[in-house]
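Only one structure is covered here, and it is reproduced in the block below.
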Amino acid sequence: MEFTAKIISDFLKGTIEGNPEEKVTDISRIEEGKKGTLAFLANPKYNKYLYTTEASIVLVNNDLKLEGEVKATLIRVSDAYQAFASLLNLYTSSLPKKRGVEPQAFINDNATIGEDCYIGAFAYLGGNVKIGKSTLIYPHVYLGDNVTVGDNTILYPGVKVYKECKIGNNCIIHGGTIIGSDGFGFATEKGKFQKIPQIGNVIIEDDVEIGSNVSIDRATIGSTIIRKGAKLDNLIQVAHNVEIGKNTGIASQAGISGSTKIGEQCIIAGQVGFVGHINIANKTTIAAQSGVVGDVKNEGEIILGSPAIDIRDARKSIAVYRKLPEIYSNINQLEKQLKELQDGSNKE
Amino acid sequence: MEFTAKIISDFLKGTIEGNPEEKVTDISRIEEGKKGTLAFLANPKYNKYLYTTEASIVLVNNDLKLEGEVKATLIRVSDAYQAFASLLNLYTSSLPKKRGVEPQAFINDNATIGEDCYIGAFAYLGGNVKIGKSTLIYPHVYLGDNVTVGDNTILYPGVKVYKECKIGNNCIIHGGTIIGSDGFGFATEKGKFQKIPQIGNVIIEDDVEIGSNVSIDRATIGSTIIRKGAKLDNLIQVAHNVEIGKNTGIASQAGISGSTKIGEQCIIAGQVGFVGHINIANKTTIAAQSGVVGDVKNEGEIILGSPAIDIRDARKSIAVYRKLPEIYSNINQLEKQLKELQDGSNKE
Amino acid sequence: MEFTAKIISDFLKGTIEGNPEEKVTDISRIEEGKKGTLAFLANPKYNKYLYTTEASIVLVNNDLKLEGEVKATLIRVSDAYQAFASLLNLYTSSLPKKRGVEPQAFINDNATIGEDCYIGAFAYLGGNVKIGKSTLIYPHVYLGDNVTVGDNTILYPGVKVYKECKIGNNCIIHGGTIIGSDGFGFATEKGKFQKIPQIGNVIIEDDVEIGSNVSIDRATIGSTIIRKGAKLDNLIQVAHNVEIGKNTGIASQAGISGSTKIGEQCIIAGQVGFVGHINIANKTTIAAQSGVVGDVKNEGEIILGSPAIDIRDARKSIAVYRKLPEIYSNINQLEKQLKELQDGSNKE
């Protein structure tokens, strides 16, 4: 397919600077741009590449100020990243989708499958499984008894969903993710662990995306819940009875202990850990590798550190932390000088 | 099924406060309790819900002091959490168990399978695999050549066990867990890595539970060993030649480097890391996100931090750490004041 | 098989101390050595076992100085660890290799498979998949459309490779590892996430080994690249558009955020985290649990901490950190004494 700057700009409701007839047939990263490709510029870290890129067209923000000569034709839009996302979505929605049931799939007689689905070879659908319309179940997916999956959802190869769990519409779950494994619950008796059976389930609401190799445990009783629009990256731990709020994003390798509730529109960075049984307010931001050990009560807080505290305080402590060796020597110096003064004072 | 408070209390050897004929048909969490359900109260954080819950029966500890009016019928027991666990175990043991071999399983001619097992579709049993009685092998499980699995063990969907590894009786291993992958061992020669073949295996003793997406590497030589009764949560790394002691519990995302030996009845919290080749004494407790860089020699130590130190010392340092900006300004103040004193003193 | 010290020493070009006719039939760890086995000693932590081991032959470094009587026959070599690796490689290369296509595999008509490959039952090869010679594809491996795998590569059970990704020659990828899942990319609009389609791929060059349960995301556009000879341990996160340099080694549970580029011959310890869009110089060493928040510009740097700084500075700060409670009390003492001096001074 070939597109002109004009066609793209019209689609994005943008403004052209340069040749409206400039043509592209592919997409590239701005730092690797080649003739005939379209790139975008959103992160200011990459501004410098605008002046050297070979890309034929570059999407930029309306407010970008040029600081040199640009060879490419520019299309200005209010949000270049989002505009680029729209183009990619247009492109991917034009790709053919898998359909039909491969004969090597195992489908229990009681399972029901909606129209236009794909069920890959070696997928396993247990008793009373219900799958909506236009959903893709890739090879090696396991759906235990009584699992339901909504419409237009994608389960990539190797996803395992234990019995009774529910997955909504328009979800994407990547390979190797395990949904509904037992929560880690034990009573201890004379130094031995006694298993607490985990008889709840996992509910994943609509529009949720979950990365690869994520572990989401079923509730002891009740449900572990991922609310509508939440997005989870890879290798994340979600313990039993956790609840993750609407439109919250969680980066890779974060871990959330049992019964903790995370609010809506939170941003959780990579490798963050949460203790159990705490509540995190809506719109909380948590910096990477933080350890969250108590409730976050006020909307919009930004926290950092292990244990995590307000990011401004945390940064001040970090700044001083680096000076600790110098401070230590200063204190020793102070003590010595004070001693001299005291001695002098005593002599008088 | 329907049970009265009297029947439950008799089973648990408890004491009833309220209506012995109160009936329940389901289980609930105390904060979400509904009429006709049984809940329990063990964590004091949830005490407040006792006075508002709609649950018909609540299990509580003998020593709980009421601080208000309670609508529910109470059953007092010595340990409410454990009593609840017993009830759940009773319930789950009454559920039907999967049995039989689904024809789509791959079973090598030399494999032997005990009575009353379940072998799911697309499970793969290699040469000389031996499986005991009443064991459940779910779909997509892989057992390499010469693997043995004991009696009454459950391998959930997608567990992979490499050749020569041994799994005991009454074990539970959750989906996506990999047992027996190569240890990460290389010699370096002129800046390149030369692989050290890993020819040992993994031994998992009886009564072990392992969560989902755990990685347990085979030993270089000898065995990586998980001792009887140990419990591992999800996404844990167990490197080659590690040994984990009896009845030790390890929370999610902890990582244990090669040849480290962890004692019995230890409690390891989430995201803890251990360097290699160290020994951890029995009954050690390690707080979340700690980094353990040396032996722990005395039984019963509790450590925290990265590098981890005695938890009391660690907490004192954390408390002062938060005051660092203030301390820094105090020191600057002190230096200034001392300077003034010195100047005054010099003038005299 | 039985070997004499002489045969082994000749193969390794070593020097014998003891009985050249000493025989071994197996391998052991020095601390668990038994008669008839060969052990090695490379890590000085294990020196003490040399004087008590029952192993019949021990490989040691040329420069090892004996500090007691040794029962075993010694073979001295320049690098005992590497010599041991050579022996293990000799041993494992003598083991029979799996070959042939198990009939329960799913192979798309358009897929091509080189000579002497193994394709296990329930492996799935999509359209236009190309596999080189002598490559092993274990059960439950998924290769999406247009995936290519080189010669002499091993994909262990449960590896999933999404469409369009490329894997080189002589690679080893362990169970449960997911290659090519979508990068975690979203634009936000009115508090909701809008997915950025990820249309790039993953390229894994020759001689790469990747552990179990690793997640490697495909690029948004372009490629996520693991360069020749790099070695990754288990449970590692590699985000979209990351590049890992030649012969770099990364330990378990490390996480690398999007578009970060790691140089050649770096050593990354366990649980390290990297923010996105940074560059790490060649031969950088990063200590365990560090958080890397900016470029590392100079070759050969060693860094530690979260945020990571030069390891010498980091260690100094850690040393003082432990003394913080004492320092705090000293400062309070100083303030008090200074106050007294000031009061004294004012009175004069």
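The values are calculated or read from the model by the stated rules, or taken from the named source; none is laboratory data. Values in this document were obtained by computation on a predicted structure and should not be read as measured data. Virtual Cβ from ideal backbone geometry, glycine too; neighbours counted across all protein chains shown. Only protein heavy atoms, including side chains, enter the accessible area calculation; ligands, DNA and RNA are left aside. Shrake-Rupley method; radii C 1.70, N 1.55, O 1.52, S 1.80 Å.
Odds and ends about this structure:
- Net charge contributed by nearby residues that have their C-beta within less than 15 Å of C:Glu209 (K/R +1, D/E -1): +1
- Derived scalar couplings between HN and Hα for the range C:153-159 equal 9, 10, 10, 6, x, x, 5 Hz in order, rounded to whole Hz, by the Karplus curve 6.51 cos²θ - 1.76 cosθ + 1.60 (θ = phi - 60°), x for Gly and Pro.
- Annotation for C:Ser94 and A:Val70: the two label points, set 7 Å from Cα along the Cα-Cβ direction, are 6.7 nm apart.
- Among the GluC sites (Glu not before Pro) found in the range C:46-87, those both in a DSSP coil and sparsely packed, with 10 or fewer other Cβ atoms within 10 Å of their Cβ, are C:Glu67, C:Glu69.
- Label geometry 7 Å along the beta-carbon vector: A:Lys34 inter-copy distances in nm: 6.0, 6.0
- Modelled spin-label separation between C:Ile267 and B:Thr112, with each label point placed 7 Å from Cα along the Cα-to-Cβ direction: 4.8 nm.
- Hydrodynamic radius (Kirkwood) for the range B:167-230, which is based on Cα pairs only, to one decimal in Å: 12.8
- For A:Gly127, label point 7 Å along C-beta direction: distances to other copies, nm: 3.8, 3.8
- Cα extents of the protein assembly as shown along the three principal axes, largest first (Å): 101, 86, 81
- A helix-only calculation puts chain C at -5500 deg cm²/dmol for mean residue ellipticity at 222 nm, using -39500 (n - 2.57) for each DSSP H run of at least four residues, averaged over all residues.
- Put simply, the amide H of C:Lys130, placed in the peptide plane, has neighbours under 5 Å in C:Thr112, C:Val147, C:Thr148, C:Val149, leaving out anything fewer than 5 places away on its chain.
- Take each residue of peptide B:225-238, count the partner chain Cβ atoms within 10 Å of its Cβ, and average: the result is 5.
- Out-of-range pairs (alpha-carbon distance over 23 Å; input A:Lys283/C:Lys195; A:Lys261/A:Lys316; A:Lys323/B:Lys336; B:Lys261/C:Lys34): A:Lys261/A:Lys316
- Helices that extend 15 Å or more along their long axis by alpha-carbon positions and average at least 0.0 on the Kyte-Doolittle scale are, among the DSSP H runs of chain C, C:80-93.
- ³J(HN,Hα), Karplus 6.51/-1.76/1.60, whole Hz, each residue of the range C:194-207, x for Gly, Pro: 10, 5, 8, x, 10, 10, x, 9, 10, 10, 10, 6, 5, 6
- Chain C: C-alpha gyration tensor shape, a/c 1.5 cut-off, then a/b vs b/c: oblate
- Additional length obtainable on full extension of the chain from A:Lys13 to A:Asn62, 0.36 nm per residue less Cα span: 16.5 nm
- Cα-based shape type of the range B:3-94, given that a ≥ b ≥ c are square roots of the gyration tensor eigenvalues and the cut on a/c is 1.5: rounded
- Sparse-neighbourhood loop sites, GluC sites (Glu not before Pro) in the range C:6-39 - DSSP loop, at most 11 other Cβ within 10 angstrom: C:Glu21
- When the GluC sites (Glu not before Pro) in the range B:213-319 are filtered for DSSP coil states and for at most 15 other beta-carbon atoms within 10 Å of their beta-carbon, the remaining sites are B:Glu299.
- Charge context of C:Ala239, other residues only, Cβ under 15 angstrom, K/R +1, D/E -1: -1
- Amide H to amide H, with H built 1.01 Å from N, A:Ile210 comes under 5 Å of A:Ile172, A:Ile173, A:His174, A:Leu232, counting only residues 5 or more places away or on other chains.
- Shown for B:Arg312: label points 7 Å from Cα along the beta-carbon vector, and their distances to the equivalent points in the other copies, 3.7, 3.7 nm in ascending order.
- Among the residues of the range A:169-203, those with an accessible-area drop of 40 Å² or more from chain alone to full protein complex, heavy atoms and 1.4 Å probe, are A:His174, A:Ile178, A:Asp182, A:Phe184, A:Phe186, A:Gly191, A:Phe193, A:Gln194, A:Lys195, A:Ile196, A:Pro197, A:Ile199.
- Each residue, A:Lys6 and A:Asn47, gets one label point 7 Å from its Cα in the Cβ direction; the gap between the two is 3.3 nm.
- Mean per-residue shielding of peptide A:288-296 is 4, counting Cβ atoms of other chains within 10 Å of each Cβ.
- Other protein chain Cβ atoms within 10 Å, averaged over every residue that makes up C:326-339: 5
- Amide H contacts of A:Gly291 (H built 1.01 Å from N, in plane; Pro and chain starts excluded): A:Gly273, A:Gly305, A:Ser306, A:Ala308 sit under 5 Å, all sequence-distant by 5 or more or on other chains.
- Share, in percent, of DSSP beta bridges within the protein assembly as shown that are antiparallel, nearest 5: 15
- Here the Karplus relation 6.51 cos²θ - 1.76 cosθ + 1.60, evaluated at θ = phi - 60°, turns the backbone of the range B:20-25 into coupling constants of x, 8, 4, 10, 10, 10 Hz, with x for every Gly and Pro.
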